[in-house]
Amino acid sequence: MNATPAADDLVVLGKITSVHGVRGEVKVYSFTDPIDNLLDYQRWTLKRDAEVRQMELVSGRLQGKVLVAKLKGLDDREVARTYAGFEICVPREQLPDLEDGEFYWYQLVGLKVIDMQGQLLGRLDHLLETGANDVMVVKPCAGSLDDRERLLPYTEQCVQGIDLAAGEMRVDWDADF
């Protein structure tokens, strides 16, 4: 039996949203880019609240903007329905290495966001995928300039530097905007 990876070693790559068909397949919303990259991982750790399950991916396919996945031992539609809401996680060490200057979203969450004048705008809470570019949601924190939540574009023009070791991101952004 395989041991369950430590929770802080897991990265969420998708979420089971509902069932598909009558043979126990599930619909999956993928956070990967492209979305079918999630199918590259054969073992999934499923998490929902305190519940954790290890599952093996048998097959999967892209259907529109979602994936349809067949998990080993999941053959009944009603049982598959109970899997809705589970996050799909994989161990961090299974993620492919990135080029210099590229980052996974999970690496950016929690960074202090500092403008070019050295003012702390807040902490990066999460990112949103939009049609034009990704957007960073920066929420106020202890020591931040004010109590405003800010939406900043995750673009080369805005993000001037990222120092993971220091836990900081430098941005070219007007604090009054």
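The values are calculated or read from the model by the stated rules, or taken from the named source; none is laboratory data. Note that the coordinates shown come from a computational prediction; the quantities given were computed from them, not determined experimentally. Methodologically, a virtual Cβ is constructed for each residue, glycine included, from the backbone with ideal geometry; neighbour enumeration extends over all protein chains shown.
Odds and ends about this structure:
- For the residues L152, L128, L111, L121, the requirement of being in contact with a strand residue (DSSP E or B) (Cβ under 9 Å, 6 or more places away or on another chain), at pLDDT below 95, aliphatic (A, V, I, L, M) and not assigned by TED's automatic domain parsing to the domain that holds R23 singles out L128.
- Extreme residue, nearest to D9 (Cα to Cα), among residues of the range 34-47 that are charged (D, E, K, R) and touching a residue at least 12 places away in the same chain (Cβ under 8 Å): K47
- Scanning the range 96-132 for residues that are closer than 25 Å to L39 by Cβ and not small (G, A, S) yields a count of 17.
- Sole exception among (1) under 30 Å from K65 (Cβ atoms); (2) free of Cβ contacts under 8 Å to residues at least 40 places away in the same chain for L108, by number: (2)
- Of all residues in the range 1-26 being at pLDDT below 95 and of a type in the set (V, I, T), the one that is farthest from A50 (Cα to Cα): V22
- Of all the residues in the range 133-145, those that are touching a residue at least 12 places away in the same chain (Cβ under 8 Å), surrounded by fewer than 17 Cβ atoms within 10 Å (Cβ to Cβ) and either out of contact with any strand residue (DSSP E or B) (no Cβ under 7 Å at 6 or more places or on another chain) or of a type outside the set (A, V, I, L, M) (or both) number 5.
- Among (1) touching a helix residue (DSSP H, G or I) at 6+ places or on another chain (Cβ under 9 Å); (2) over 25 Å from P96 (Cα atoms), the one test that A80 misses: (1)
- Looking only at the range 113-128, and only at residues there that are in a loop (DSSP other than H, G, I, E, B) and touching a residue at least 12 places away in the same chain (Cβ under 8 Å), the one that is surrounded by the fewest Cβ atoms within 10 Å (Cβ to Cβ): Q117
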